[in-house]
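This report refers to the structure that appears directly beneath it.
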Amino acid sequence: MDEFLHAHIKESSLHKDQPVPPFFYPEEYLSGPDTVFVVRFGGPDSVSGDIICPVFVQLKLCAKISAYEVAQARSTVQPLKIKRHVVNLSEYCKHGHFISLIVSYPVELADYFLDTPLTTHKEGLTEITLTIDDSNIDDLFSEKYVNVIKGTKRLAADMAATSREVKRRRAQKSSIWDSQLSSAPYCGAR
């Protein structure tokens, strides 16, 4: 992640004169964000005055979520977890800010967060917390994209229901077979 952030923030999105992809996916075995990217805020002509900010994303695409799971998701986009992937986060937050984005759909997370979206950490960095959930997804994305997510979630639910039905039928067949075997006369050698 260090090389990714260095390339995008300090080297105009280049690494060894090659363009760097816009998204970084950290190693799965370490707790931390699911996706990382960098945003640039500024006018079309102002390059030196731009504010460049890393964004750490945690995805929770689920129908139900507990307060504990929300806290766990939130912790993965905090400096403590990010430090496992980045040596010095402050080095890439020139203006002292980073964004943590939690995407949770179709669950609504608004009740789990404080009213203020800004948190100052002991490293001197200010975290801007954003959420995309059931309460605002329709405002941020077109209906076409939201329907794709809904369709994917529906397909997963249908597959899970089908799997449960298949297991139930197998269990029924197995119990019928077992009862037939136990009532059948014994024909083997003793």
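Computed from phi, the 3J(HN,Hα) profile of the range 7-22 under the Karplus parametrisation 6.51, -1.76, 1.60 (θ = phi - 60°) reads 4, 6, 8, 10, 10, 6, 6, 10, 9, 6, 6, 10, x, 9, x, x Hz, with x in place of Gly and Pro. Using a cutoff of 8 angstrom between alpha carbon atoms and counting only pairs six or more residues apart, the relative contact order for the range 2-137 works out to 21 percent.
Summing charges over all other residues whose Cβ lies under 13 Å from the Cβ of Lys144, with Lys and Arg as +1 and Asp and Glu as -1, gives -1. Listed by chain and number, the lysines whose C-alpha is less than 25 Å from the C-alpha of Lys167, apart from same-chain residues fewer than 8 away, are Lys64, Lys153. Taking other C-beta atoms within 10 angstrom as a stand-in for reagent exposure, Asp138, Asp34, Asp17 fall in the order Asp17, Asp138, Asp34, fewest first. Distances between placed amide hydrogens fall under 5 Å for Lys83 paired with no residue 5 or more residues away or on another chain. For the range 2-137, a simple Cβ point-charge model (Lys and Arg +1, Asp and Glu -1, everything else neutral) yields a dipole of about 260 debye relative to the Cα centre. Pairs over the 25 Å Cα-Cα cut-off, from the set Lys16/Lys81; Lys83/Lys144; Lys81/Lys122: Lys16/Lys81; Lys83/Lys144. Close amide H partners of His97, meaning residues 5 or more places away or on another chain with modelled amide H under 5 Å apart, are Thr126.
Read-outs: derived from the displayed coordinates by stated rules, not from any lab. All values reported here derive from a predicted model rather than from experimental measurement. So basically every Cβ, Gly included, is an ideal-geometry build from the backbone, and we count neighbours across all protein chains shown.
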